[in-house]
Structure formats: structure tokens, C-alpha cells
1. Just one of (1) modelled with pLDDT of 90 or more; (2) in a loop (DSSP other than H, G, I, E, B); (3) among the charged types (D, E, K, R) trips up Glu54, so point out which.
2. So, of the residues in the stretch 85-96 that are over 16 Å from Ile64 (Cβ atoms) and in contact with a strand residue (DSSP E or B) (Cβ under 8 Å, 6 or more places away or on another chain), which turns out to be modelled with the highest pLDDT?
3. Considering only residues that are charged (D, E, K, R), in a strand (DSSP E or B) and surrounded by fewer than 16 Cβ atoms within 10 Å (Cβ to Cβ), look in the stretch 73-104 and name the one that is farthest from the chain's Cα centre (by Cα).
4. Test Lys70 against the stated conditions and say whether it is among the charged types (D, E, K, R), in contact with a Phe, Trp or Tyr (Cβ under 8 Å, 6 or more places away or on another chain) and either part of a helix (DSSP H, G or I) or closer than 13 Å to Ile18 by Cα (or both).
5. Check whether at least one residue in the stretch 13-21 is part of a loop (DSSP other than H, G, I, E, B), in contact with a Lys or Arg (Cβ under 7 Å, 6 or more places away or on another chain), farther than 16 Å from Ala96 by Cβ and not basic (Lys, Arg), and report yes or no.
6. Report every pair of residues separated by at least 6 positions or lying on different chains whose Cβ atoms are under 9 Å apart, first residue within the stretch 39-58 and on the phi > 0 side of the Ramachandran plot, second among the hydroxyl-bearing types (Ser, Thr, Tyr).
7. For the stretch 83-94, indicate whether the set of residues that are over 18 Å from Pro17 (Cβ atoms), out of contact with any Ser or Thr (no Cβ under 9 Å at 6 or more places or on another chain) and touching a residue at least 24 places away in the same chain (Cβ under 8 Å) is non-empty.
Amino acid sequence: MNNIQTNVKAKIGCGSPITVKFYAQIDREDHDATISYDFREIGEDVDLIRHDEEAYCLKQAYKICYYVSKLYQYEILRMKCEFVKDENATIWLQHASDIWVRPN
């Protein structure tokens, strides 16, 4: 078994904060319809990291929602995600709060 260690590098505090608020795209006609978390529509990760860090973080929130819906059968309706960017320009999820879910 390999031990892989990664470290967040920031001389001051925990790095540069990036906060995004995720709101699910709910069908106005049918509120009970399954929510689509199509994170691929947002763009390519490399382009987003270089040009729109907030969109990159929102894409990561969509990915979290997608996997939670597939693995745990809950749809995330909204959540606040806090990310940090370290000295190596790596963006890390630090905290998620105000999470509203419903079973799917």
C-alpha cells in the first residue's frame, strides 16, 4: 500500500479564499423531477483554473452533488462551499455548509 501525502502550502493563513454558493437547477414545472448535475457543461478544468477560478469551484460543487446523488441517493439542493488556493495554485475544498438535501 502506498502512502501519498499532499500539503497545502500557504505562508499566510490557509491561502486565498474562494466561496461559491451552489443552487440546484430545479424544474419549475415538476419540482420532484430528478436534478441533473451535468458538471461537464461548465468547461474543462484546466481552462477554468487558468481563467475563472470561481467557475472551477462551482464545477467541483456540481461533482460533489453528482457523486452524492449516485452513491447515497440524496440530491443536494443548495450548499455553500469554501475553497482555498495555495501557493502552488492548487485549489482545495476546505468546508461546505448550509447543505439542503432531499432523497431521490
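The values are calculated or read from the model by the stated rules, or taken from the named source; none is laboratory data. Everything numeric in this text was worked out from a predicted model, so none of it was measured. Cβ atoms come from the backbone with ideal geometry, glycine included; neighbour counts cover every protein chain shown.
1. (2)
2. Lys85
3. Arg102
4. No; evaluated as a whole, the condition is false for this residue.
5. yes
6. From the stretch 39-58, the pairs are Gly43/Tyr56.
7. No, because not a single residue in the stretch 83-94 is over 18 Å from Pro17 (Cβ atoms), out of contact with any Ser or Thr (no Cβ under 9 Å at 6 or more places or on another chain) and touching a residue at least 24 places away in the same chain (Cβ under 8 Å).
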